[in-house]
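Trainee: Okay, handing you the structure first.
Throughout, read-outs are computed from the coordinates displayed, never taken from laboratory work. Being a predicted model, the structure only gives us computed values, none of them experimental. Cβ coordinates were reconstructed from backbone atoms using ideal geometry, including for glycine residues, and neighbour counts include every protein chain displayed.
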Amino acid sequence: MRNKNGLGGSKKDLNADLNLTPFIDLLSTCVCFLLITAVWIEIGTVEIKQSQGTDAPPTKKISYDLDLVYSSPTQLNVNLKSSGKRLKTFKVTGVDGLELQANLNTIVQSEILNYKNKVIEIATATITPRSTVNYGQLVHTLDTLRKNSIVNIGILSMKEKR
């Protein structure tokens, strides 16, 4: 059998069909695996101190924490803690959510950030709302704390008794 050039042999087709379905399946499986395992990635920090080279005396900074626990939508208990020990508890009340937030702002500015006539810095704050506290009120509490330069804030869930 001769081709049109007059030479013998058969002409090979240059267009090869590639089956991309297994490649796409493998790629989608890898993407799903990476998305699922990304949850367990944590960024950690290690606090280290220079062992030599400074004559400055070491300063021990006292760390203060706040715990805000809602008793009801109009009552909030604010616990000031240092080294895990409760120093003082403030009861904040209001007729509605807006008055509660205004009273919380006043207590944070006057009583907590100026504890014993000393300006202190709050390291962390945790808020524990009840199921009766609506989401908007929780966001207002977060805003009140952030306005007072408290930025490390966590929200804890409370398991309520039935």
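Trainee: For Ser71, which sequence-distant residues (separation of 5 or more, or a different chain) have an amide H within less than 5 Å of its own amide H, given hydrogens modelled in the peptide plane?
Mentor: Answer set, sorted by chain and number: Leu76, Asn77.
Trainee: So what are the ³J(HN,Hα) numbers for region 25-39, from phi and the Karplus equation (6.51, -1.76, 1.60; θ = phi - 60°), rounded to whole Hz, Gly and Pro as x?
Mentor: In residue order, the calculated couplings are 4, 5, 5, 5, 5, 5, 5, 4, 4, 5, 5, 6, 7, 5, 5 Hz.
Trainee: 7 Å from Cα along Cα→Cβ at both Thr93 and Leu14: what's the point-to-point distance in nm?
Mentor: It is 9.0 nm.
Trainee: Between Ser72 and Lys116, how many nm apart are label points set 7 Å from Cα along the C-beta direction?
Mentor: 3.4
Trainee: Taking 0.36 nm per intervening residue step and subtracting the Cα-Cα distance, what contour gain separates Cys30 from Ile62 on full extension?
Mentor: Extending this stretch completely gives an extra 6.8 nm.
Trainee: Using θ = phi - 60° and the Karplus curve 6.51 cos²θ - 1.76 cosθ + 1.60, what whole-Hz ³J(HN,Hα) does each residue of region 85-97 get, with Gly and Pro shown as x?
Mentor: 9, 6, 8, 7, 10, 10, 9, 10, 10, x, 5, 9, x
Trainee: Starting with the fewest neighbours, write out Phe33, Phe90 ranked by other beta-carbon atoms found within 10 Å of each beta-carbon.
Mentor: Phe33, Phe90
Trainee: For a test of understanding, tell me how many lysine pairs in region 64-155 have Cα atoms under 16 Å apart, given they are 8 or more places apart or on different chains.
Mentor: 5
Trainee: If amide hydrogens are placed 1.01 Å from N in the peptide plane, which non-local residues have theirs closer than 5 Å to the one on Ile153?
Mentor: Ala125
Trainee: Under the Karplus relation 6.51 cos²θ - 1.76 cosθ + 1.60, θ = phi - 60°, what is the ordered set of whole-Hz ³J(HN,Hα) values for region 106-121, x standing for Gly and Pro?
Mentor: Once θ is set to phi - 60°, the couplings for region 106-121 become 5, 5, 4, 6, 8, 9, 8, 6, 10, 5, 6, 6, 10, 6, 10, 10 Hz.
Trainee: For each of Leu80, Leu156, Leu138, count neighbouring Cβ atoms within 10 Å of the residue's Cβ, then give the residues from fewest to most.
Mentor: Lowest to highest Cβ neighbour count: Leu156, Leu138, Leu80.
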